[in-house]
Amino acid sequence: MSLFRTKSVEQSIADTDEPDHRLRKELSALDLTVFGVGVIIGAGIFVLTGTVAASNAGPALAVSFVIAAVACGLAALCYAELASTVPVAGSAYTFSFATLGELIAWIIGWDLVLEFTVGSAALSTGFSAYLQEVLELVDITLPEQISSAATGVVDLPAMLVALLVTWLLTRGTKFSSRFNQVVVAIKLVVVVAVIVVGIAHIDPSNWKPFIPDAQPAPESGGGFADVPLITSLLGLEPAVFGVAGVISGAAIVFFAFIGFDIVATTAEEARNPQKDVPIGILGSLAIVTVLYAAVSLVVTGLQSYRDIDPDSAAPLADAFDAAGVGWMPELISVGACIGLVVVAMILMLGQSRVGFAMARDGLLPRSLAKVHPTYGTPYRITIVTGVAVAALAGFVDLGTLAHLVNIGTLFAFLLVSIGVVVLRRTRPDLPRGFRTPVAPLVAAVSTVMCLYLMLNLTGDTWIRFLAWMAIGFVVYFAYGRRHSRLHQADRAAASAPPPRTE
């Protein structure tokens, strides 16, 4: 019984028709594109812009965003082909099962659990921070004991928004999509306002030098745990800014792009997945790349990178304050507060679909794959996910875990890039609604870029990631491997009596 047994594409598609595990096909290309834009525009644009500009890239923050976008774009081409070929819930997990085998599929599924669950909790915490800023505008201050897991006891607003999102998701994907469209429209208005208003107040001298000269890293950041892994592997002196700082910045702002792969997790719910999923993936990524680059130039043009507070939770608002545009911080805070609800919702949507696919395959308890008889949603795994996210958001300070989400996402992209080439060779006969152009080259460059960005994350991030993967191996060999539907089928075939011969 091989650890690398694959689940055929035909079987994956056939499983979607099981009465108790059938999802409704309600999403159009517009729905998927808005989902992608909704989840990508979040903490990355509202928070990480200041951190990376002040600590890594300076005005070249825009270049960091473009590098991260290129890596995402190459992976997106691979995602688009696999999602149009295997239009089944689960995204990279399902693709890996069809190409690289059960063990790799489990690894990537476990990895996606990390990405989506921690990401949802982080965004719920981000919502709480912006909500408190909005409440302060009307002279309401929440007690620290119930508004922060870091300095108080519990972050109650973060828990409540996670539970609200859980309720929305159980009511139906189309219902969630309509809510998402309204909120995305609000977010886009805020982002466009940042760009249009900001252009009029830019001081070009703040962009000089565009790429600051490399400098030694602060003493507190010189240990293995706090410097990029590639620095330790190659024996380099820890440094910030310069070209290396721009690339390190790309590895950090990669967090801003997580989410376009959410579109692939909803492929099973698309009306025409062969057409709609590629449009949703590539369209949403193109839109936000332009917006991110523009906003990053505005932020560093309004305020010198030397004056940006790297620990600020609201760098966009700070930049407009510095430029004397007093009303923009309030607009940004309101837009971010509303927008982060949707980001948390769509990340949780992705996690519930990955968990649903794993449960349907028997790698997790199959009871979790039960679909609601009225709403047609995987409500059990959604509720479990929502409770886990609420607990993390309420009681854990997630400020240090953005890097951990990044490494999980990059690892998923790496395996998808490999998988598209493997499936081309093993199943060239499959109909493909979208074909990755120059697939071997695109996949190879995507793999190298993802690996290089992973190496630019800190040693501490790698330690945590490997620890999480080790826990995953224990769960797989203790439960998943024995309960896998493929394993059960192999056992049934082995125990069946030989065919009678006349």
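Fully extending the segment from Asp321 to Thr151, taken as 0.36 nm per residue of separation minus the present Cα-Cα distance, adds 58.6 nm. Per the Kirkwood formula applied to alpha carbons, the stretch 115-181 shows a radius of gyration over Rh ratio, Rg over Rh, of 1.04. For the chain, the per residue solvent-accessible surface stands at 38 Å², with DNA, RNA and ligands left out and a 1.4 Å probe. Contact order for the stretch 290-386, expressed relative to its length and based on alpha carbon pairs under 8 Å spaced 6+ residues apart, stands at 15 percent. Using a probe radius of 1.4 angstrom, the carbon and sulfur fraction of the accessible surface of the chain is 67%.
Taking label positions 7 Å along the Cα-Cβ direction at both Gln181 and Leu3, the computed distance is 4.7 nm, reported to one decimal.
Overall, the chain carries a charge dipole of about 2140 debye about its Cα centre when +1 sits on the Cβ of Lys and Arg and -1 on the Cβ of Asp and Glu, all other atoms neutral. Based on the Kirkwood approach, the hydrodynamic radius assigned to the chain is 23.0 Å, with every pair of different Cα atoms included. Model label sites at Asn272 and Ile140, defined 7 Å from Cα along the beta-carbon direction, differ in position by 4.6 nm. Quick check: from the Cα gyration tensor, does the stretch 46-163 come out rounded (a/c under 1.5), prolate or oblate? Note, shape of the stretch 46-163 comes out oblate. A simple charge model with +1 on the Cβ of Lys and Arg, -1 on the Cβ of Asp and Glu and nothing else charged puts the dipole of the stretch 59-159 at about 300 debye relative to its Cα centre.
Taking a straight Cα-Cα cut-off under 30 Å and skipping sequence neighbours fewer than 8 places away in the same chain, the lysines within cross-link reach of Lys370 are Lys7, Lys25, Lys174, Lys275.
Rolling a 1.4 Å probe over the protein heavy atoms leaves Arg271 with an accessible area of roughly 140 Å².
Taking all protein chains together and a 1.4 Å probe, the residues Met358, Met449 rank Met449, Met358 from largest to smallest accessible area.
Only alpha carbons enter this Debye calculation for the stretch 355-482, each as an equal point scatterer, and the log10 of I(q)/I(0) it gives at q = 0.12, 0.21, 0.23 Å⁻¹ is -0.72, -1.22, -1.22.
Label zone of Val70 (point 7 Å out along Cα→Cβ, amide N under 20 Å): in the stretch 267-305 this covers 282-283, 285-297. You can think of it this way: the chain between Phe395 and Phe210 has 62.6 nm of extra reach, that is 0.36 nm per residue less the Cα-Cα gap.
Screening the chain for whole DSSP H helices of 27 Å or more along their axis (Cα) with average Kyte-Doolittle hydropathy at least -0.5 returns 61-85, 102-137, 173-199, 273-302, 328-360, 402-426. With contacts taken as Cα pairs under 8 Å at a separation of at least 6 residues, the chain carries a relative contact order of 34 percent. The stretch between Ile463 and Ser312, if pulled fully straight at 0.36 nm per residue, gains 51.7 nm over its current Cα-Cα span. Would the stretch 229-349 count as rounded, prolate or oblate if I go by the C-alpha gyration tensor, calling it rounded below 1.5 in a/c and otherwise prolate when a/b exceeds b/c, oblate otherwise? The shape class here is oblate.
The values are calculated or read from the model by the stated rules, or taken from the named source; none is laboratory data. Predicted model, so just to flag it, every value in this text is computed and none were measured. When we count neighbours, we look across all protein chains shown, and the Cβ atoms used for this are built from the backbone with ideal geometry, even at glycine. Calculation scope for accessible area: heavy atoms of the full protein, side chains included, ligands and nucleic acids excluded. Shrake-Rupley method; radii C 1.70, N 1.55, O 1.52, S 1.80 Å.
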